[in-house]
Amino acid sequence: MKRSPAPASPSDLAAQRFLQMNRRQFLRGLGTCIALPMFGSALRPLAGAATTNPAAGLGVTPTGAPLRMAFVYFPNGAHQDYWWPTGEGADFTFGRTMEPLAPLKGAVQVLGGLDHKNATAGNDGAGDHARANATFLTGMRARKTDSTDIQVGISIDQVVAQKVGHQTRFSSLELSCDAVRKAGRCDSGYSCAYQYNLSWASPSMPMAPEPNPRLVFERLFGAGAPGERQKNFRMRQETQKSLLDFVLDDAKSLQRSLSSHDRDKLDEYLTGLRGIEARIQRAERFGELPDPNADTPTGIPPNYGDHMDIMFDLLAMAFETDSTRVATLLLAHDGSNRAFPQIGIAEGHHYCSHHRNEEALMEKIGQIDLYYMKHFAKFLQKLDAKKDVDGKSILHNSMIVYGCGNSDGNRHTHHNLPIVLAGGGGGTLRTGRFVKANSRPMSDLFLSMADRMGVKQLERFGDSSGVLTAV
Amino acid sequence: MAWRPALALALGSVAGAAEQNPAVAAANFHRNVKPIFEKYCLDCHGNGVAKGGVTLDEFASDAELVGKRDLWLALLRNVRGGLMPPREEGAEHVKLAEAEIGAITQWIKFDAFKTDPKNPDPGRVTARRLNRVEYRNTIRDLMGIDFNSEVEFPPDDSGHGFDNNGDVLTLSPLLMEKYLAAAETIVEQAVPTVARVIRERSYSGRDFRGEGRSGEQMNARNPAKVSRSFSVEKADKYRVAFDLEVRGSFDFDASRARLTAFIDGEKRFEEDVMWHERKPLRHVFEVEWKAGNHTIAFELTPLPAADGAPKPVPAAEPDRPRGAPTTAVNVRVNTVQVTGPLSPEHWTKPENHARFFPDGDAPADPAARDAYAEKLLRAFAGRAFRRPADETRVQQLAAIARQVYGQPGKTFEEGIGRAMMAVLASPRFLFRVEQPEAKHAGAAVAPIDEYSLAARLSYFLWATMPDAELMRLAERGELRAQLRPQLTRMLADPKAQMFTRQFTGQWLQARDVESVPINARAVLGPNAPRNRDGRIEFDGIFRRLMRSETEMYFEHILKQDRSLLELVDSDYTFLNERLAKHYGVPDVTGDQMRLVKLPAGSVRGGVLTQGAILAVTSNPTRTSPVKRGLFILENILGTPPPPAPPNVPDLEESKEKFKGREPKLSEMLMLHREKPLCRSCHERMDPLGLAMENFNALGGWRDTDAGQPIEPAGRLVTGEAFADIRELKKVIARERAVDVYRCLTEKMLMYALGRGLEYHDVHTVDEIVDRLQQNGGRMSVLLQSVVESVPFQKQRTQSTAGASVSIHSPAR
């Protein structure tokens, strides 16, 4: 494909900027868990989203820089007293859990009064963890089923990705720090699919997240040693193109011979194939892969904190290279019973969350909440330190929701959810405030984020009642 | 369970009895069932009382009466499990007579569910995607390499407790991407791209030895001579490539040395080495060798130091005192590569060539070459698709191959490899799509064809593709006739270990013991035995021992064809010294896990007393009687309680009763059972869990918990009393044997079919349970019955006649 010498688009500039970072900055950016050599100064500039004519207003800030959206999920609700700030509006004081955010106070909003009614029991009985997880980004009620007829709703990240995703190499990125699945059944008659996925491409099609840092890295930047990735990627791409016709035809012929139910399964296959086709076309349009000239991470680090850090780092790299503008990161599924020996907590998180108002257990919940928050704060600081094409920080040009679909883990409530909205949305968000929304659907926040991402035609989402204008 | 109207319609013709008028079923209800309800049930579930939201005497119409499938399923389970009518404390336990239970069962199965015993509905199995384990095994058998899909692919979801459930095995766009990438990686790794290769052998520094030194690291201060000998078969030209390196310490070091390399004693190069952070030394030589032994050697001779000051040779490195200088100049042999014989007539076939190209090299004649490609790909696709590939597919594959090997510089092998990638990315490989027997085309229910049957058997018992023998039998249409001998053969095959591993891993959750977070220090206390690092830890080895115990135990029952009830209670288990010590079983020494006959009166024997199960049902710092009780109900007795209700009342208020004293766990649970909302279920779970309280969260025995004696005695909700875990096991095995049979049958059937069970499976399960009862509950009877059952043997076919013609037509 012939490419005219493209004028430096914002993304090109972002990519160059990415390369020009000094070594120290980059290493800090990646955390110390993977030691990375510095960028080769001889590397050619990268072309990121080299759309010469970006669709007006789709996924961009008012200055034309990329606007990113991410959702980070922590499990089992929050210790209420420690979570909520005191005061209101710009005049507020963080509670204990949010102390790590203090240096970024001006760049975040704490949102109170957001609810997920569809995560409550309703007529469905137990299963609050499965519902908390399934409803979080969909705003919909999960059908209570163990296998057949899984249904919840398309998630907000996918709604946006389907509109803005064509502008970047990856329309969205789904990450997780939960690598091990429990055998047997999940929560109270809900399929495990509800509990381990945040992102849903359709009401019945979860987007399985990737827990392995090596695989995330290879997907973003190609496999092999630094310098060889571009070549490897090209070869792989050529091979894939030569196979696509056959498998597409094969799938269609097979699909014709199937029962309606099995046809749906083949639909999943065909959707996946079409995604790959689109990706190949986009990759050709975008030209060279960004090559961070860094060693590929080796796999899942044994320490959970390191695992979170490296996934956050990969997310930051993906945003910085404008590889995608939409991402989700499930730190742990709701109901997670992970122990935290690294901070002296031997009991499981879920166990502690049902603290029955016992002081010692409640204190542990507070510690765990703080632990998660520290890692999130570290991520925000990295984004804050990185400069975007318009001279603002990446954080300024992002909207990052950090939250949980359970508010009080002890009682399994789903109103007044613990939510932080970090980043300036390209200057469109009024940061540095504690906003009390007074019992509005969480879906209203999603509408207002989708709006900023340029998805204007979205009138309703999940159980929305209208755009949340208070943010 | 949601019932799809479209399918219900299709089913209308499945079972002949389905046409039956609801009025007939209702009349049978009033005649045969209602009197029983009146006698036992309506006090709580009738006459306006609806305990638990259940009434048994208010139905708006006959159709509604018959249509309440969920109600009848629950009722059947409760009545047969002895849970209803409930036992009242202090009163005599009213039990239904066998005949009464029989009448209810008959009506539910044949009137409400309209089961036609001669032609039962086999149910619908969704086309199943291979899960990660099946994919890995299948690639191993098809391609001969190990592809670690458990790392490369995201985890599979599971439904009904098993990760081979077709409905939940979704295929996300990410996974599709990975399948395509995996197809390439696997072919690149497994399939040779050329017909001939020049042999290469490579030696690393460690392979060079001499006088206590190796070529891995030679210090310039110390003289060294290291060498390596090897033999070649052919007299010919060979190429020897040296790749060495000078590696200096971070700080400068003044030492110098002369490095000399020899081939068969002849000096080939010589170089004076001095400090460099990293300096490669690469040399290539061609040699004419005779067949036989040859030697490559390196010699390092220290020279006066660069700064002129003669340095003493320091003592050997390991003895270096603390604080001594850490600088050094080292020479390291990275690799020495010997390539040859170099003459083309001596080139050899690459590894694996015969596996993928059984007829040898491609003919030079283009037409014969293309025909060879077709033949290879027809056979390969047939194995990969687990049925003959249709000719259109074969032609397309051959075209892909030609497109590649037709290009200059590309080999025939590369072309075939490319087509093989397409096969591995095909939905016919990734999904298990089943077809009915061609001769039954048009019937609403038909036996699956023998290729489908071969795949069902192999994925059930081996978690991998059918082998050549199964495929051969299927091709001849003889598999069905040989089902029993094949079952025996398959179970004797080492691949059947996958069945044990997958089934026990999920049914008993034994696989979770490898990851369950248990804090050994918190469980055992600070005085517990420590490991080599001085830590109290529930380490990986220990976790795997526990998993092995459960797997070997199940395997034993399988291989020795023992009774399923031995899963609950027996006088043996599988231990090694470490696990035996942990359990307090004497006289077991050594690391080998083996069958151990337990001493009389031992508490062990049976899965409920195995470490894996006791650990996975615990919290990180303590046991959970509720989880353990639930485990028994769900996985042994098959009578799971409904999930906990929302809005569980606060235990806090009740806790005040204890006036500041920390209540015992059993007292807390007792409080639980005082709440009407909690009681009906916790009175089923808690006594079972409390009976297991003598085992800590790691499965070790204890008499007290937090200084309080354990009180394991209790009663099943059905009334049977037990004093401790020993008696509980006996009570379950003796009194609740039928429940155990039914539970295991259901689990096994779900695993074998890859779907959840539905109302129309009740009769199938009953028939298997009957056979088990008549045959002492033998494992072989269960497996035979499962593979011979209607749901395993048959399928619903589609009702759309238009499309059916093409699939039922033979593939070739």
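Just a few scattered comments:
- Total formal charge among the other residues, if their Cβ is under 12 angstrom from that of residue B:715, Lys/Arg +1 and Asp/Glu -1: -4
- Contour minus Cα-Cα distance for residue B:375 and residue B:472 (0.36 nm per residue): 33.2 nm
- Helix B:483-492 axis versus longest C-alpha principal axis of chain B: approximately 50°, rounded to the nearest ten.
- Per-peptide packing, taken as the mean over residues of other Cβ atoms within 10 Å, places B:145-157, A:313-325, B:60-72, B:356-368 in the sequence A:313-325, B:145-157, B:60-72, B:356-368 from highest down.
- Extending 7 Å from the Cα toward the beta-carbon at both residue B:489 and residue B:533 defines two label points whose distance is 4.9 nm.
- Protection proxy ranking for A:457-468, B:173-184, B:261-272, using the average of other Cβ atoms within 10 Å per residue and placing the highest first: B:173-184, A:457-468, B:261-272.
- Entry for the protein assembly as shown at q = 0.09 Å⁻¹: log10 I(q)/I(0) = -1.37, Debye formula applied to identical alpha-carbon scatterers, no solvent contribution.
- Convex hull of Cα atoms in region A:382-471, direction-averaged projection (nm²): 6.8
- For region A:129-218, a/c is not less than 1.5, where a ≥ b ≥ c are the root eigenvalues of the C-alpha gyration tensor, and a/b does not top b/c. That puts it in the oblate class.
- In the protein assembly as shown, helical runs assigned H by DSSP with n ≥ 4 each contribute -39500 (n - 2.57); averaged across all residues and rounded to the nearest 500, the mean residue ellipticity at 222 nm is -11500 deg cm²/dmol.
- Lysines with Cα under 25 Å of residue B:114, excluding same-chain neighbours fewer than 8 positions away: B:34, B:68, B:747, B:794
- Of all aspartates and glutamates in the structure, those lying under 18 Å Cα to Cα from residue A:392, and not within fewer than 8 positions of it along the same chain, are A:12, A:320, A:322, A:384.
- Partner chain coverage, peptide A:215-228 - average Cβ within 10 angstrom: 1
- Fewest-first sequence of A:288, B:134 by Cβ atoms within 10 Å of each Cβ: A:288, B:134
- Projected label points at residue B:597 and residue B:773, each 7 Å from Cα along the beta carbon direction, are separated by 3.4 nanometres.
- Under the criterion of Cα pairs below 8 Å and six or more residues apart, the relative contact order for region B:438-516 equals 25 percent.
- Taking a ≥ b ≥ c as the square roots of the eigenvalues of the Cα gyration tensor, chain B is classed as oblate, since a/c reaches at least 1.5 and a/b does not exceed b/c.
- Average beta-carbon neighbours from other chains, 10 Å sphere, peptide B:226-239: 0
- A Förster radius of 51 Å combined with the Cβ-Cβ distance from residue B:293 to residue B:560 puts the calculated FRET efficiency at roughly 0.45.
- Ordered by the number of other Cβ atoms lying within 10 Å of each residue's own Cβ, fewest first, A:439, B:624 fall into the sequence A:439, B:624.
- Rounded, prolate or oblate (a/c below 1.5 giving rounded, otherwise prolate when a/b exceeds b/c) for region A:176-266 by Cα gyration tensor: oblate
- By the count of neighbouring beta-carbon atoms within 10 Å, fewest first, B:513, B:331 end up ordered B:331, B:513.
- Shielding by partners for peptide A:152-163, expressed as the average number of C-beta atoms from other protein chains within 10 Å of each residue's C-beta, is 0.
- Qualifying aspartates and glutamates (Cα of each under 17 Å from Cα of residue B:234; at least 8 residues distant if same chain): B:200, B:264, B:286, B:288, B:345
- Pairs with C-alpha atoms separated by more than 31 Å, drawn from the list A:182/B:118; A:265/A:374; A:374/B:627; B:627/B:730; A:117/A:182, are A:182/B:118; A:265/A:374; A:374/B:627.
- The length gained by stretching the chain between residue B:577 and residue B:94 to full extension, at 0.36 nm per residue less their Cα-Cα distance, is 169.0 nm.
FYI, it's all coordinate maths here, none of it is from the lab. Quick caveat: nothing in here was measured; it's all calculated off a predicted structure. Every residue, glycine among them, receives a Cβ derived from its backbone with ideal geometry; neighbour counts consider all protein chains shown.
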